[in-house]
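S.K.: What follows is a structure written as structure tokens; I'll ask about it next.
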Amino acid sequence: MPRSPSDKSTNTRHANGLGGDHAGADARVLDFARVSADWFWETDADDRFTFISDQVASLVGVRPEDCIGKSREELHGGIPQDATWAAYRKVIHAHEPFRDITFIMADPDGMTFPISISGMPVFDGGKFVGYRGTGRRASQGEVIEKLVRNIVGATSRAVGRDFLEQVTHALWQEL
């Protein structure tokens, strides 16, 4: 249904009322951030934590002050040798943004659970200085869904590659 000019001006006034000043805009961004993540983090150029918000303690069982100055590998007891960690290392070495990388963590009692992190590289005058990002506890269902997607994708690529090789071979036989 087409909108009338008066509808548009009402919406514009409403939007301006919500964010007409910098303090309002800052509050709005903070509200958006709070509903999209469980905690916030920041690392330096060596991927060592320089900041983790207090919420991480109740959600993950790690005190923020115990993380400062440490890398993810140190917090996980060494460099895990799996595809997720390899992908994470590749992205951060390239200083690229990443979204929803899922790791398995263990709380102080040894109970494991998935977390998902996203991050943006930070540059100061063109020099890479670290990452800022968010973290959240992921559900087991999300982890299973991601695993199934990866398996299906890998299988499809493998089947597709074999099929293309067979077709190519058959075509060359005909020539």
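The values are calculated or read from the model by the stated rules, or taken from the named source; none is laboratory data. Nothing here was measured: the structure is a model prediction, and the numbers come from that model. Glycine gets a Cβ as well: all are built from the backbone with ideal geometry, and neighbour counts include every protein chain shown.
S.K.: Please work out which one of (1) under 23 Å from Val29 (Cβ atoms); (2) surrounded by 13 or more Cβ atoms within 10 Å (Cβ to Cβ); (3) free of Cβ contacts under 8 Å to residues at least 40 places away in the same chain is the condition Phe123 fails and give its number.
M.R.: (2)
S.K.: Let me ask another. With respect to Asp100, determine if the residue is loosely packed, with under 15 Cβ neighbours inside 10 Å and modelled with pLDDT of 85 or more.
M.R.: So Asp100 passes the test.
S.K.: For a quick check of your reading of the model, give me the residue pairs whose first member lies in region 15-34 and is at negative phi and in a helix (DSSP H, G or I), whose second is modelled with pLDDT of 55 or more and not charged (D, E, K, R), with beta-carbon atoms closer than 7 Å and at least 6 apart or on different chains.
M.R.: That search, which allows pairs on different chains as well, returns Leu18/Gly24; Gly19/Ala25.
S.K.: Would you confirm whether or not region 107-122 contains a residue that is modelled with pLDDT of 80 or more, assigned to a helix (DSSP H, G or I), assigned by TED's automatic domain parsing to the domain that holds Ser36 and not small (Gly, Ala, Ser)?
M.R.: No, that holds for no residue.
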